[in-house]
Every structure is written in C-alpha cells, then in structure tokens.
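Bear in mind that the values in this text are calculations on the coordinates, not laboratory data. No experiment lies behind these values; they were computed from the predicted model shown. In this analysis, Cβ positions are derived from the backbone assuming ideal geometry, glycine residues included, and neighbour counts consider all displayed protein chains.
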Amino acid sequence: MRIGELSRATGVSVRLLRYYEEQGLLAPRRTEGGHRAYGPDAAETVGRVRALLAAGLPTRVIRDVLPCLHGEGQALEPCLFDHLRGQLAEMDVRIDDLTRARAALGALLASSERAAA
C-alpha cells in the first residue's frame, strides 16, 4: 500500500504519516523507485498510534509501547503497566499544575477587573 492509500484508509494526512515515520512509529519499506510501501498491518498500526496519542502519550513513549501491542485493540503486555502508570502519574502532576495556574490567573483577572471598576 502506498502512502496516499494509507492516508485514505486511515483518514490521517500524508504529512502526518511521514511524521509518524520520522518518529519511528511506522516503518515502510522502499520500492525500487524510492516510494514508501506499507504492509497490510499499517492501517491498524496508525489506529493504535492515534489511540495512544489521544490518551496523551508522547511519540517517544508510543515508540516504546507500540511493539508490545498485540492482537486487535490495545491489549498491552503486563510488563508495560508500571511504565504507563508512571505516564498517568505525570499527567496528574501536569493537570494539578494547570489547575493551580488557572486558579491564579482567574484570581488575577478578577482582582484586576475589581480594581478597574
């Protein structure tokens, strides 16, 4: 399957598919003419990448986790659970930081609006 066909099959732009390749998430072979040729499982791989991105994982983590996905869906090897729990904990810290920053910004805006009135 060529890159345009994979793009149409997955709804992911050609540009984004190239980015996935640059990040080591897709590994097409090259034809004699230099064109990318994707295997029959490429669309499923793209779907998995999209699901992991939607879960908030960075591409560097996805690159490590992707080979451990088996079968249909996102069934992971148990050895990855601790790694993903660590990612979840990091997200919780970022959410807490953003919540505090949002509250501080809201308080600053409210204070400024009262002073301007």
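Go ahead and estimate [θ] at 222 nm for the chain from helices alone: -39,500 (n - 2.57) per DSSP H run with n ≥ 4, summed, over the residue count, rounded to 500. Kindly include the intermediate steps, with their values, before the conclusion.
On the way: 5 runs with 73 residues, N = 117.
Helix contribution divided over all residues of the chain: -20500 deg cm²/dmol.
Taking 0.36 nm per intervening residue step and subtracting the Cα-Cα distance, what contour gain separates Ala117 from Gln87 on full extension? Display every interim value, and only then the final one.
On the way: separation 30, 0.36 × 30 = 10.80 nm, distance 4.47 nm.
My answer for the length gained is 6.3 nm.
I need the calculated FRET efficiency for the pair Ala103 and Ser13, taking r as the beta carbon distance and R₀ as 35 Å, to the nearest 0.05. Don't skip to the end; give the middle numbers.
Values: r = 37 Å, r/R0 = 1.06.
Efficiency at R0 = 35 Å is approximately 0.40.
Between Thr31 and Arg63, how high is the FRET efficiency from 1/(1 + (r/R0)^6) when r is the Cβ-Cβ distance and R₀ = 22 Å? Nearest 0.05.
Values: r = 25 Å, r/R0 = 1.11.
So the FRET efficiency works out to roughly 0.35.
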The list (i) 54, 35, 24; (ii) 101, 37, 21; (iii) 70, 36, 20 gives values of Cα extents along the principal axes in Å, and only one came from this structure; which label was calculated from it? (iii)
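Using a simple charge model, +1 on the beta-carbon of Lys and Arg, -1 on the beta-carbon of Asp and Glu, nothing else, what dipole does segment 1-69 show about its Cα centre, in debye to the nearest 20? Could you put the intermediate results ahead of the total?
Working: 11 positive and 7 negative charges, 33 e Å.
The calculated dipole for segment 1-69 is roughly 160 debye.
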Selected from Leu80, Leu25, Leu98 as most flexible by GNM, with the chain as the system and alpha-carbon contacts under 10 Å: Leu98
Per GNM of the chain with C-alpha springs under 10 angstrom, the most fluctuating residue out of Arg48, Arg100, Arg30 is Arg100
For the chain, longest principal axis from Cα atoms; helix 42-54 axis from its Cα atoms; angle between them, nearest 10 degrees, is 10 degrees
Compare the Cα positions of Ser13, Leu80, Val46 along the charge dipole of the chain (+1 at Cβ of Lys, Arg; -1 at Cβ of Asp, Glu; about the Cα centre) and return the one farthest towards the positive end. Ser13
Give, rounded to the nearest 20 debye, the magnitude of the charge dipole that the chain has about its Cα centre when Lys and Arg contribute +1 at Cβ and Asp and Glu contribute -1 at Cβ. 440 debye
